[in-house]
Amino acid sequence: MAQIVLDRLGARFTGGEILESGSEHGDEWARIRRDAWIPVAMFLRDDPSTKMEMFIDLTCVDRFGKEPRFDVVLHVYSVSLKHRVRLYCGAPEEDPWVDTLVSVWAGTNWFEREAYDLYGVRFKGHPDLRRILMYPEFVGHPLRKDYPKEKRQPLVRRQAGAPD
Amino acid sequence: MGFEFHTSSLKAAVNWARKFSLFQYPFVTACCGMEFMSVAAPKYDIARFGAEFPRFSPRQADLLIIVGTITERQGPALRRIYEQMCEPKWVVAFGVCASTGGFYQNYSTMPGADQVVPVDVYIPGCPPRPEQVLDGLILLQERIQRGEGHSQIAIEAEKGYDVPLAAIRPLGSTHRKEEP
């Protein structure tokens, strides 16, 4: 469906920036080297044959036990050319960071905050990288596979013996 | 003897008035809100039971209806709203999420609103049907008439009166296991 996007990427980035790419069930995907994350995004947005104007989604996957442990997943869509592509960018466990895409698509701002909040992946250069869903007192990142499934961190509880 | 008879019947009259003029504060957070609207709308019509006025300030309300899932993050806000209400006050947990956390068993959801505020009546269901809600409301009214609302009991206990045995309840539900 959007093979042209992968073709254009392969033609433009020849220095090994595209680590892997493929096409499954009519969806194209590519795995991007971490240092090429912003240039690839810029290219996809501005190239007249890809024209990815619309940011759809950014999230993260914890592939616990594999390396790199975290995959930041980006979905973008071209409204004018009606094609979409999915991009991955790996972040290792010891120092999980990825460059922020806020300068490319402003809409990624809160999505990156969410990925940071729930997975602990830092987005370098993000203008306001704070938790967005959990409260500031929360310790850890709850959607990581090594976070205990039911571990709660209550802010307030009734005290036995205290007047209600 | 006559004096005692007088106070107890006055109490009964006051409680009768209270149970038919509940001013509710709906703390609506989730899909149960749809069922709540249905209860409030003319078909099921909670107004028939004297509880038709939602007040959007806790200071003007005496019935806190917790409708929907409560997250840990909402805990302090819920507690503060409860504390702002005038006494005597009553609390209803509407639906399983407000009662026990429902099917959410995770890091973000509070296992029942009674972790933070005392609850007088739990209405199960996901969401409960309007008839169930009215049933719960009638249950609460019976409780108010008997003077067994948690806040009524607290007021009585403060005055040094004997409180009904039903008042001595454990904190929260007992079937829940301790969190790790």
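Side notes on the structure shown:
- Built from the Cα atoms of region A:67-164, the convex hull projects on average onto 9.6 nm², one quarter of its surface area.
- Filtered chymotrypsin sites (Phe, Trp or Tyr not before Pro), region B:79-169: DSSP coil and at most 12 other beta carbons within 10 Å: B:103, B:161
- Rounded to the nearest 20, the Cβ-based charge dipole of region A:3-124 about its Cα centre (Lys and Arg +1, Asp and Glu -1) stands at 260 debye.
- Mean separation of Cα pairs under 8 Å and 6 or more residues apart, divided by the residue count, gives chain A a relative contact order of 17 percent.
- Compactness of the protein assembly as shown, taken as the C-alpha radius of gyration over 2.2 N^0.38 Å, stands at 1.37.
- R0 of 22 Å, Cβ-Cβ distance residue A:27-residue A:106: FRET efficiency to nearest 0.05: 0.30
- Dipole check for the protein assembly as shown: with +1 at the C-beta of Lys and Arg, -1 at the C-beta of Asp and Glu, and the Cα centre as origin, the magnitude is about 300 Debye.
- Restricting the calculation to Cα atoms, region A:1-71 yields a radius of gyration followed by a Dmax of 12.9, 40 Å.
- Rounded to the nearest 10 degrees, the angle from helix A:108-119 to the longest Cα principal axis of chain A is 50 degrees.
- Legend: distances between Cα atoms for A:82/A:124; A:124/A:151; B:89/B:159; B:19/B:89; pairs beyond 21 Å are A:82/A:124; A:124/A:151.
- Here is the tail figure for region A:3-124: Cα pairs spaced more than 23 Å apart come to 25 percent of all pairs.
- Grouping the Cα pair distances of region B:1-115 into 10 Å bins from zero gives a pair-distance distribution of 14, 38, 29, 13, 5, 1 percent in increasing distance order.
- Just so you know, the Rg over Rh for region B:60-157 is 0.97, from Cα atoms, with Rh as the Kirkwood radius.
- Nitroxide proxy distance, nm - points 7 Å out along Cα→Cβ at residue A:94 and residue A:61: 2.4 nm
- Estimated FRET transfer efficiency when R0 is 35 angstrom, pair residue B:129-residue A:79 (beta carbons, to 0.05): 0.20
- Projecting the Cα atoms of A:61, A:98, A:135 onto the dipole axis of chain A, where Lys and Arg carry +1 and Asp and Glu carry -1 at the beta carbon, places A:135 farthest toward the positive end.
Values quoted throughout were computed directly from the atomic coordinates according to the rules given, and no laboratory measurement underlies them. Quick caveat, the model's predicted, so the values are computed rather than measured. Heads up, the Cβs are rebuilt from the backbone with ideal geometry, glycines too, and the neighbour counts pull from every protein chain shown.
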